[in-house]
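Take a look at the structure below.
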Amino acid sequence: DRAGELPKLVEDLLQTSISTGPRGAFRMAQGIQALLGVGGEWLNDFSKTANTSEGIPAQMRLGLLSPLYLRRLFERMGATYIKLGQFIASAPTFFPAEYVEEFQNCFDRAPPVPYSEIESILHEELQRPLDSVYEYIDPVPIASASIAQVHGARLKSSQKDVVIKVLKPGIEDTLVADLNFIYLVARVLEFLSPELERTSLVAIIKDIKESMLEEVDFRKEAVNMEAFQRYIEAMGFDRQAKSPFVYHHCSTKRVLTMERLYGVPLTDLDSIRSLVPDPELTLVTALNVWFGSLISCESFHADVHAGNLWLLRDGRVGFIDFGIVGRISPRTWAAMEIFLASFATEDYNAMASALSEMGATG
C-alpha cells in the first residue's frame, strides 16, 4: 500500500531537507546555472551539426544525457559529482562503455585552490605558526583532486620530507547538500516506481554518502593507513610494500601530514621499465599484498587504481590515498567459505543460504 508509506516518505524528505540547511538552496541555484551553461553548449553544438551532410551524431541526440555533456555537467557541479563521475569511470560492469570512457576525464581534472586559502586552513587547523611546524611548504600543489589538495613540505623538527593533504574549503557542506539532494531524488523515484526497490537504489546512495563523508575526515584516513602498515609488517611484506607514515602532531580532521614517498605511479609504464627488470612482477606483488589485506587487515584499500599504487625508488610498492576503504565482516567470510565448499559439492541449498547470509540476494 503506497499511500501508507507516504507519511514516512514525507518525514524522511523533511528531515533530510532540514539537515541540509540553506546550503541546499544555494547548491540548487548552482545546479540550475550549471544546467543552463551545459545546455547552452549542447544547443550551440547541435545547431552547428544540424545542417551538415553528416547529420546529427547519435550521441548528440541524447541531449544532456550523452556522455560528453553529462560529464561536462558533472564537472561544473563540482566535487560530489566529479566523485560520482570517477565512480562511473571505475565501474565498467554497471555502466555502458561510452560513459566509462568519457568519465575517465574526471580523474585529476579538479582546478587547484589558491595557496592563500590552503594556508588559512592550515593556520585554523594547526593553531600555531606554520614556520614552527614546517621548514617550508611548496605553494605549488603536487596534485589537486575533487575534495583535497596536496602540497610538498619539510618538517622543521626532523627535516623529513612530507606531503600535506588539505581539505578544500567548503567541501564538506557541499557534499552533504549534494548527497542529500541525490538521496531525496532516489527516495521519490523508489516511491513512484516500486520496481526500483529491487535495485536497492536508496541503499546504494546511502552507502555512497557514508563513504564520501568518511573521505573528508582525514583522522579516519590516518587510522586506515596505519592499520594497513601494521598488516604489512605483521605479514612480513615490509620488503615488498609500504604505506606512508602519519605525523599526528600536525594532522587534524582537515589536514593530513604524512611521509613523502618517492617513486612513479603504476600508470607510468616507461618509468617502471627503467626501474625494475620485470614490471609484471611489480603488479603481481601489489595484487598479492592487496588481496592478503582482504583477509588479514582491519580494512582494505577500496580505491586501488594504478594512480594510488606507486613503484618506489627502493623497488617496493607504495599504497597511497586511504580515504576509501572496505571491511569484510567475519560473518561474511564464514558465509563465503560455506558457499565455496557447497559449490564444490553442488549443494545448491547451502549455496543459496550462504548467498543470503552475505546479503547477495534480495
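Here are the numbers:
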| item | result |
| --- | --- |
| Which listed residue, of Gly292, Gly318, is assigned to a helix (DSSP H, G or I), closer than 18 Å to Arg230 by Cβ, touching a residue at least 60 places away in the same chain (Cβ under 8 Å) and not acidic (Asp, Glu) | Gly292 |
| Residue among Leu266, Leu294, Leu309, Leu275 that alone is under 19 Å from the mean Cα position of the chain (by Cα), outside the structural domain of Ser90 (by TED's automatic domain parsing) and farther than 19 Å from Pro244 by Cα | Leu294 |
| Any hit, segment 283-301, residues being under 30 Å from Glu117 (Cβ atoms) and modelled with pLDDT under 95 | yes |
| Residues located in segment 252-292, provided they are in contact with a helix residue (DSSP H, G or I) (Cβ under 6 Å, 6 or more places away or on another chain) and closer than 24 Å to Lys156 by Cα | Thr252, Lys253, Arg254, Val255, Leu256, Thr257 |
| Segment 122-173: number of residues that are outside any loop (DSSP other than H, G, I, E, B), among the polar types (S, T, N, Q) and surrounded by fewer than 21 Cβ atoms within 10 Å (Cβ to Cβ) | 2 |
| Condition broken by Ala334, with the remaining ones in (1) modelled with pLDDT of 85 or more; (2) not assigned by TED's automatic domain parsing to the domain that holds Gln229 satisfied | (1) |
| Criterion: closer than 27 Å to Gly359 by Cα, in the same structural domain as Ala302 (by TED's automatic domain parsing) and surrounded by 14 or more Cβ atoms within 10 Å (Cβ to Cβ) - qualifying residue of Ala222, Ala186, Ala241, Ala227 | Ala227 |
| Residue list for segment 321-342, restricted to those being surrounded by 12 or more Cβ atoms within 10 Å (Cβ to Cβ), assigned to a helix (DSSP H, G or I) and within 26 Å of the chain's Cα centre (by Cα) | Thr332, Trp333 |
| All positions within segment 109-146 that are of a type in the set (Asp, Glu) and touching a Ser or Thr at 6+ places or on another chain (Cβ under 8 Å) | Glu125 |
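The values are calculated or read from the model by the stated rules, or taken from the named source; none is laboratory data. Worth saying up front: this structure is predicted, and the values here are computed from it rather than measured. No Cβ is skipped: glycine too gets one built from the backbone with ideal geometry, and neighbour counts run over all protein chains shown.
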